[in-house]
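The values are calculated or read from the model by the stated rules, or taken from the named source; none is laboratory data. Predicted model, so just to flag it, every value in this text is computed and none were measured. Using ideal geometry, Cβ is built from the backbone for each residue, glycine included, and neighbour counts are taken over all protein chains shown.
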């Protein structure tokens, strides 16, 4: 639990204490009862958060956006993932470039790696995709 609910904690403690007193024969019923209370608590939290978001939207605020987790989103996670992948791929590219063309091959491979990362960091492709999507939707 990210935020500790004292009532839920009391319920868990009571369930564990009851399990000690009654023994393992009643374990499944006790677990089921606790899970129902947990489910109710989660439902209440979700409803409350949804209502708060609806109120913010009604006031004109933007709804919160999900955080980028590397699945095509923008932000730190995407940049870090791209940089990590490019550095991992730099190892075999450097080896291939150096094996076939010595120092010149190594320099060319690293120039390509740096160039790809620079273009990605500039956001060029992201802007192109947005422009292309706007053209498809009929927006200017």
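Consider residue 8 carefully, then state whether it is touching a helix residue (DSSP H, G or I) at 6+ places or on another chain (Cβ under 8 Å) and surrounded by 10 or more Cβ atoms within 10 Å (Cβ to Cβ). Step through it out loud before you land on a result.
Working: touching a helix residue (DSSP H, G or I) at 6+ places or on another chain (Cβ under 8 Å): yes; surrounded by 10 or more Cβ atoms within 10 Å (Cβ to Cβ): yes.
Yes.
Give 107, 22, 30, 103 a once-over and let me know the one that is over 30 Å from residue 6 (Cβ atoms), at pLDDT 85 or above and surrounded by 12 or more Cβ atoms within 10 Å (Cβ to Cβ).
Numbers: 22 fails: over 30 Å from residue 6 (Cβ atoms); 30 fails: over 30 Å from residue 6 (Cβ atoms); 103 fails: surrounded by 12 or more Cβ atoms within 10 Å (Cβ to Cβ).
Exactly one of 107, 22, 30, 103 is over 30 Å from residue 6 (Cβ atoms), at pLDDT 85 or above and surrounded by 12 or more Cβ atoms within 10 Å (Cβ to Cβ), namely 107.
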